[in-house]
Structures are given as C-alpha cells and as structure tokens.
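Participant: Before we start, here is the structure in question, set down as structure tokens.
The values are calculated or read from the model by the stated rules, or taken from the named source; none is laboratory data. Bear in mind that the values here come from a model prediction, so they are computed numbers and not experimental data. Heads up, the Cβs are rebuilt from the backbone with ideal geometry, glycines too, and the neighbour counts pull from every protein chain shown. Note: accessible area is taken over every heavy atom of the protein model, side chains too, but ligands, DNA and RNA are not part of it. Shrake-Rupley method; radii C 1.70, N 1.55, O 1.52, S 1.80 Å.
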There are 2 protein chains.
Amino acid sequence: MLSQKTRYAIRAMQHLADKYGQGPIPLTDIAETQNIPAKFLTVILSELSRYGIVASQRGKDGGYWLGVPPIDITYGDLIRVMRGSLALVPCASRFAHETCKNCVEEKDCRTRALMLQVRDATAGLLDGMRLSDKIDPVPAAEGLEAVEDV
Amino acid sequence: MLSQKTRYAIRAMQHLADKYGQGPIPLTDIAETQNIPAKFLTVILSELSRYGIVASQRGKDGGYWLGVPPIDITYGDLIRVMRGSLALVPCASRFAHETCKNCVEEKDCRTRALMLQVRDATAGLLDGMRLSDKIDPVPAAEGLEAVEDV
DNA sequence: GTATTCTCTATCGTAAAAGTTGACAATGGG
DNA sequence: CCCATTGTCAACTTTTACGATAGAGAATAC
C-alpha cells in the first residue's frame, strides 16, 4: 500500500500539474481542494522541493509550482521519491535494493524472483504515466465485487 | 511493500508445497529452514489453516500440510489472504474495496484510475503464478543499478 | 502418563506514520 | 518602515501497525 503521505503527494502534484504555467499556487489552495491537512502538506511540499520537482516562493503572492514540466514527471518518479521503491519487497527493488531481513539467501529466494517480475510490470506502467496525462477517473461503482473465498 | 508476516507466509507455503504429499511437516522444520521465528510462525500457520489452505494435526508426528493442491493456490491468493488486497490504495482493490480517508470523491479521483490499472497488472501476474510452479531464483547480483536522480 | 505438537488469546515493545507546534525568513504593498 | 502574507524548518506528539513473545490448553502417539 502507498502511505497516506505518498497519496497526498501525488494529489498535490496533480493539482500543480493542472495549474502549470499559472504562477505560484498557495499551499492553502492545494490543501483545500485536495483535502490534505495544511500543516502536513508543508512537510510534503518541502520534501518535494528539496528534490527540485517542486519550486516555491515565499511572501505575498507566493506559493508552489512544478519545477519540471508535467510531461517530465512520471508517477513512477513520484512514488520512488516518496517511498523509495516501486517493489513489494526490498530485495526486488532495482533502484533501492536492500536485502530482506530474516530471509533465505537471495540467490535461493523464489519470492524475490516473483517479486522482480511484479516490480517490472508495475514500473512498466508507472514509468509510462506522466503528470501531464489526461486521466479519466473511473466511476466509483465500477470494479466492486464480492469478497472471494480462498 | 509486503509485510514481514506476508513474506513469512509465502515462504512457509512454498516450503509446504515442496513437501506436498509427504505427510505432516512440523512447524520447527519450516521455521528452521525458512528462517522464520517459530512462535510467530504459529500465528501465521493458524491463520492460514483457518482459511483452509493449510491443514494440521497435533501431537506426535503432527505438523502442517497444504489443505489444497499447490496448483490450486496462487500467489495472488496468498497475498490477498495475508494483507487483504493486491492494490496500492484501498479504493483500487477489487475484492476488498474501501474508500480512502481524506481523499477526493472517488468518481473524481485520478489516482484511483491509475492504481486500478496497476492493480490489474499485478493481479494478472500474481493470479497466474502458482505454488506448484517451478521458480528459478534470480542471481542476487542481477538487477542492481545506481540510484536514479529524479 | 508423558512427551510431542498444534491452538488460542493476550500482551509487549518498537518503529513508523500522521499530524502539530512554533519560531523564523522572505516578499510585496502601503 | 511596518505589516500582512506565505513558505521553511526542526522538534515534538500522538496514534497505529507490526513483529514478536508468553503462557495456558488440547489433541495425539507411544
């Protein structure tokens, strides 16, 4: 699962992408329309601006904007910035590899082999989706099914 | 990320799959070869046996075995049992849908639209991989790259 | 009856996640 | 120059989830 913070970050970035080229967007504008606790959002935006993908200006008429054109920011980038990795297990990350604790040797680990495939599929999708993409929300009802018996 | 518990569960199930048809496997056998804290493993195996995918017998020569043939258990099933969902956000789960807290309306949520795609791709892979599959571990060195600047 | 092995509920400790506080610094306008 | 506005930052609190353990109990085999 993505953390709440990562989800906030994604929505904030989408908001800035929508208003790209319109000058500084004040934090409260993002917080209100995206339903994000304002103070927490300051932490998130500071973090993103340290990476350079968000720029900011203080004072009257200040605010935030994308430091990079929306077409150059993928959702994969965002998730990597916020949580370090796209993978489901640390040992299956390609950019932030870590050996798993209490595991078997990596060279013998079948779970890792599977999770590398999942990571690659996920990356294939998320690295192809950009902040500039027009995305049609999926109607809420769609895709709900009963819980499956296992 | 998958929780440690989920990873333990997967390895325990792989172990039982390897020994399918060989009678009850004692917990300590699984714990030792798979490097899982024994006491914690009791919790995990109890949980799995409540779902019927693991069977057990107490007493001398007791132990655990798969309650279902390994070909009928997918990795998708395992992850759903352990963590409820394959999705990266609660609102993108197809079998355990929940609305996200502090989010925008689902019908307006672009993140959800993206994450449904990711979920479907993940499910496409994991629901096709079975405990009976012969899996070749990937050599540990493979797939390590430098951290990318974002 | 005794050793073995699983069962179950409760509980603990820690770390991470989520969110808040408050002092501070820059900017623009009167 | 003062003041309102808006971002910056480090420290802190609160909450929650996770990982793990404890310990009493029940079935089974010999």
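Participant: Which cross-chain or sequence-distant (5 or more) residues have an amide H under 5 Å from the amide H of A:I73, H modelled 1.01 Å from N in plane?
Facilitator: A:L131, A:S132
Participant: Determine the principal axes of the Cα atoms in the protein assembly as shown, then give the extent along each, sorted from largest to smallest and rounded to whole angstroms.
Facilitator: 77, 42, 30
Participant: Let me ask another. Using every alpha carbon pair in chain A, what percent of pairs falls into each 5 Å bin from 0 up to the bin containing the largest distance?
Facilitator: Calculated P(r), rounded to whole percents: 2, 8, 16, 17, 16, 14, 11, 8, 5, 2, 1, 0.
Participant: Find how many whole Å separate the alpha carbon centroid of the range A:58-109 from the alpha carbon centroid of the range B:74-121.
Facilitator: Spelled out, the Cα-based centre of one part sits 19 Å from the other.
Participant: Could you work out how far apart the two model spin labels at A:A96 and B:S46 are, taking each label as a point 7 Å from the Cα in the direction of the beta carbon, and quote it in nm?
Facilitator: Roughly 3.4 nm, to one decimal.
Participant: Determine the share of the protein assembly as shown's accessible area contributed by carbon and sulfur atoms, expressed in whole percent, with a 1.4 angstrom probe.
Facilitator: Carbon and sulfur atoms account for 50 percent of the accessible area of the protein assembly as shown.
Participant: Cross-link list A:K19/B:K101; A:K5/B:K134; A:K107/B:K60; A:K5/B:K107; A:K19/A:K60; A:K107/B:K5: which exceed 30 angstrom alpha carbon to alpha carbon?
Facilitator: Distance filter (> 30 Å) returns A:K5/B:K134; A:K107/B:K60.
Participant: Using just the C-alpha positions of the range B:74-126 as equal point scatterers, what log10 of I(q)/I(0) does the Debye formula give at each q in 0.14, 0.16, 0.18 1/Å?
Facilitator: Normalising to I(0) and taking log10 leaves -0.34, -0.44, -0.54.
Participant: Tell me the total accessible area that B and A bury against each other, 1.4 angstrom probe, in square angstrom rounded to 100.
Facilitator: Details: alone 10050 and 10050 Å², together 14160 Å².
Interface between B and A: roughly 5900 Å².
Participant: Remind me, relative contact order of chain A in percent, using alpha carbon pairs under 8 angstrom and six or more residues apart?
Facilitator: 22 percent
Participant: Which residue, B:P70, B:P37, B:P139, has the most motion in a Gaussian network model of chain B that connects Cα atoms within less than 10 Å?
Facilitator: B:P139
Participant: For A:I25, list long-range residues whose amide hydrogen, built 1.01 Å from N in the peptide plane, is under 5 Å from its own amide hydrogen.
Facilitator: So A:I25 has HN proximity to A:Y64, A:W65.
Participant: Name the residues of the range B:21-41 whose amide N is less than 12 Å from a point 7 angstrom out from the Cα of B:R58 along the C-beta direction?
Facilitator: What the label zone holds, given the 12 Å backbone N cut-off, is no residue at all.
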